[in-house]
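Novice: Handing you a structure now.
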């Protein structure tokens with residue numbers, strides 16, 4: 001049995017669900033946060049939110065492709081589970097760090113802008 005193909009068949013749907021579901025949650029809930037930060041400036045918020053969503057999708061797709069390109073040969077079920085948990089865990093932690101980084105910088109930029117006025 002080829003464990004690599006089985007692992008790909010498990011990994012790809014999971015990463016696709018993570019990409020779409022989490023991206024859409026960030027997009028919808030982030031709009032409320034951005035509206036608060038930018039004093040209800042809807043055109044600016046829509047543009048920023050779309051850019052953040054596109055960047056999110058590009059980071060996810062890039063990571064998924066790079067992960068598949070450098071996938072090691074899997075020879076057993078425990079190794080398959082280890083590989084899946086490692087790669088999925090890295091992308092989830094990385095996305096969380098990117099998300100909090102975006103929130104921190106957006107908050108900082110808006111606060112510094114309001115202090116100058």
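Values in this text are rule-based calculations from the coordinates and carry no lab data. Everything numeric here is computed off the predicted structure, so don't read it as measured data. Every residue, glycine as well, gets a Cβ built from its backbone with ideal geometry; the counts of neighbours run over all protein chains shown.
Novice: Taking every eigenvalue of the Cα gyration tensor of the chain, multiplying by 5 and rooting it, what semi-axes result, largest first, whole Å? Walk me through the numbers before you get to the answer.
Specialist: Working: eigenvalues 280, 33, 20 Å².
The answer is 37, 13, 10 Å, longest axis first.
Novice: Using a 10 Å cut-off around each Cβ, can you sort 20, 110 from fewest to most neighbouring Cβ atoms?
Specialist: On the way: 20 12, 110 15.
Listing 20, 110 from fewest to most nearby Cβ atoms yields 20, 110.
Novice: Sort out for me the Cα centre separation of segment 56-72 from segment 21-36, rounded to whole Å.
Specialist: About 23 Å separates the Cα centre of segment 56-72 from the one of segment 21-36.
Novice: Same structure again: When the helix-only estimate is applied to the chain (DSSP H runs of n ≥ 4, each -39,500 (n - 2.57), divided by the residue count), what is the mean residue ellipticity at 222 nm, nearest 500 deg cm²/dmol? List each step's numbers first, then the result.
Specialist: On the way: 4 runs with 98 residues, N = 117.
Counting only the DSSP helices, I get -29500 deg cm²/dmol.
Novice: Mind sorting 45, 65, 22 by how few other Cβ atoms lie within 10 Å of their own Cβ, fewest first?
Specialist: Details: 45 20, 65 10, 22 17.
With the sparsest Cβ surroundings first, the list reads 65, 22, 45.
Novice: For the pair residue 14 and residue 107, what calculated FRET efficiency results from E = 1/(1 + (r/R0)^6), where r is the Cβ-Cβ distance and R0 = 41 Å, to the nearest 0.05? Present the calculation step by step, with values, prior to reporting the outcome.
Specialist: On the way: r = 31 Å, r/R0 = 0.76.
Efficiency, rounded to the nearest 0.05: 0.85.
Novice: Relative contact order, percent, of the chain when contacts are C-alpha pairs under 8 Å separated by at least 6 residues?
Specialist: The normalised contact order for the chain reaches 36 percent.
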